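To keep things clear, I will list the structure first and then write my remarks on it.
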Amino acid sequence: MAFSDIKGQDDIKAHLQGAIKNKKFSHAYIISGEKDSGKKMLAEAFAQAILCEEEGIDGCGKCQSCHQVINRNHPDIHYVEHEKPKTIGIDDIRTQLNNDIVIKPYSSNYKIYIVDEAELMSEQAQNALLKTIEEPPEYGIIFLLTTSATSFLPTILSRCVLLDLKPINQEIIKKDLMTYHGMPDYQAQVCAAFSQGNFGKAIKLAESEDFKELKNSMVSFVKQAASMGAFEINQIATDITSSETVDIADYMDLMTIWFKDVLLYKSTGDKNLVIYQDEIMIIKRLSAEISYEGLENIFQAIDTCRKRLKANVNNNLSVELMLMAVKENIL
Ligand SMILES: [Zn+2]
C-alpha cells in the first residue's frame with residue numbers, strides 16, 4: 001500500500017514523507033487511532049517508500065522491494081507477533097525485537113518493526129523495549145500501532161513521535177463509497193455517518209451482509225415498537241444479545257443515528273438533512289409521534305444502555321430496558 005492509495009490523513013502522510021525526503025526520521029513512532037482506521041496501512045506505506053529501489057517519497061509499486069512489502073514477505077520488515085491473545089509479553093519483545101534488531105538489515109538499508117495492538121504490551125515488555133528505543137541502531141525503525149496511546153509508560157511516550165489519526169470528513173467517505181463501491185446515495189450516507197470518519201469501518205460496513213441485516217432489524221423494530229408487547233421486546237433483546245454476528249455497540253450506533261434523524265426532521269422539517277433517506281416516510285411519522293421530551297428520554301436510555309454494556313451489566317436486561325424506553329416514548 002503506497003501513501004497515494006491512502007485516503008485522508010494528509011498531515012500524517014506529509015510528516016512521514018517529509019521525514020523520508022529529508023532522511024530525518026525518528027527511530028520510534030506511535031500511530032494511534034481506532035480499530036480499522038488505517039494505522040497499519042500508514043506504517044506499511046512508510047516502509048514501502050523508504051525501502052523502494054526508486055528512492056522517492058512514495059513506493060513505486062513495481063520494484064522487487066515494493067512487491068515484497070505488498071506481499072508482506074520483505075526480509076527487513078518484521079511484524080511482532082504475540083502468543084497470548086491479550087498480552088504482548090517481555091519474551092515477545094526480547095526475541096522478536098531486541099535480539100533481532102542488532103542483526104544488520106538483510107537486503108536494504110533499514111529494518112522496520114511493526115508492533116500491532118501495542119497497547120497490549122505489559123509493563124515489563126515496555127521496559128524491555130525502552131532499552132532499544134533509547135539506543136536504536138541507525139537502521140532500526142519501530143512502529144507501535146495502538147488504539148490507546150495513554151496505555152504507554154511516559155518513558156516510552158517521550159521517546160516516540162506520536163501520530164494521531166483524525167476522523168475523515170463524512171462527505172469524502174460517502175463520495176468514495178458511491179464512486180468506488182457502487183453504493184446508492186442513501187446507503188452510502190448511512191455507512192458514512194455510522195463510520196464516524198473511520199474509512200476502514202465504512203468499507204467494512206459497505207461490504208458486510210451482516211450489517212445490512214443489523215440495520216434492517218433495527219429499522220423494523222422502531223417501525224413497530226409502539227404496538228409491540230413486552231414478550232416481543234424481550235424476544236428482540238434476546239436475539240440481539242445472543243447473536244454471534246450482531247455487535248450490540250453497532251446496533252446502538254445505528255439507533256442513535258436514527259433518532260438523531262427524527263430529531264433533526266422534527267426541528268427543521270428538512271428532509272435533505274436526514275441520513276436514512278430511504279426511510280423518510282417513517283422518520284416523518286415518528287417525528288410527529290415522539291415529543292422532544294420523548295426523544296431526550298430515548299437518547300438517555302441509549303446512553304445508559306451503552307454504559308451498562310461497557311460495565312458488563314447483564315446485556316440482555318440492559319438492551320431490553322433500552323428497547324422498552326423507545327417503545328414507551330412513541331405515542
Ligand atoms: Zn518500489
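Throughout, read-outs are computed from the coordinates displayed, never taken from laboratory work. Because the structure is a prediction, the values reported are computed rather than measured. Glycine gets a Cβ as well: all are built from the backbone with ideal geometry, and neighbour counts include every protein chain shown.
So the values come out like this:
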{"read-out": "Lysines with Cα under 19 Å of K271, excluding same-chain neighbours fewer than 8 positions away", "value": "K174, K223, K260, K284"}
{"read-out": "Distant-in-sequence amide H partners of V161 (H built 1.01 Å from N, under 5 Å)", "value": "A28, Y29, I30"}
{"read-out": "Per-residue ³J(HN,Hα) for the range 112-118, Karplus 6.51 cos²θ - 1.76 cosθ + 1.60, θ = phi - 60°, Hz, x for Gly and Pro", "value": "10, 10, 10, 9, 7, 6, 4"}
{"read-out": "Extension gain, K212 back to Y110 (0.36 nm per residue minus Cα-Cα distance, nm)", "value": "32.3 nm"}
{"read-out": "Binned Cα-Cα distances of the range 3-164, short to long, each 5 Å bin given as a whole percent", "value": "2, 9, 19, 23, 22, 15, 8, 2, 0"}
{"read-out": "Residue-count net charge about P105 - beta-carbon cut-off 13 Å; Lys, Arg +1, Asp, Glu -1", "value": "-1"}
{"read-out": "Cα gyration tensor, the range 77-179 - rounded (a/c under 1.5), prolate or oblate", "value": "prolate"}
{"read-out": "Net charge of neighbours whose Cβ lies under 11 Å from the Cβ of F143, counting Lys and Arg as +1 and Asp and Glu as -1", "value": "0"}
{"read-out": "Neighbourhood net charge (12 Å Cβ-Cβ; Lys/Arg +1, Asp/Glu -1) for K204", "value": "-4"}
{"read-out": "Computed label-point distance, nm, for sites N314 and A230 using a 7 Å Cα→Cβ extension", "value": "1.3 nm"}
{"read-out": "Check: the chain dipole with +1 on Lys, Arg Cβ and -1 on Asp, Glu Cβ, in debye", "value": "460 debye"}
{"read-out": "Computed [θ] at 222 nm, helices only, for the chain once each DSSP H run of length n ≥ 4 contributes -39500 (n - 2.57)", "value": "-16500 deg cm²/dmol"}
{"read-out": "Estimated vicinal HN-Hα couplings, Hz - the range 233-244 in sequence order (Karplus 6.51, -1.76, 1.60; Gly, Pro = x)", "value": "5, 4, 4, 5, 4, 5, 4, 5, 7, 9, 6, 7"}
{"read-out": "The chain: relative contact order as a whole-number percent, Cα under 8 Å and 6+ apart", "value": "15 percent"}
{"read-out": "Per residue, the convex hull volume that the Cα atoms of the chain enclose (Å³)", "value": "151 Å³"}
{"read-out": "Extended-chain gain in nm, criterion 0.36 nm per residue less alpha-carbon gap, K284 and Q300", "value": "3.6 nm"}
{"read-out": "Overall form of the range 208-328 per C-alpha gyration tensor (a/c, 1.5; a/b vs b/c)", "value": "prolate"}
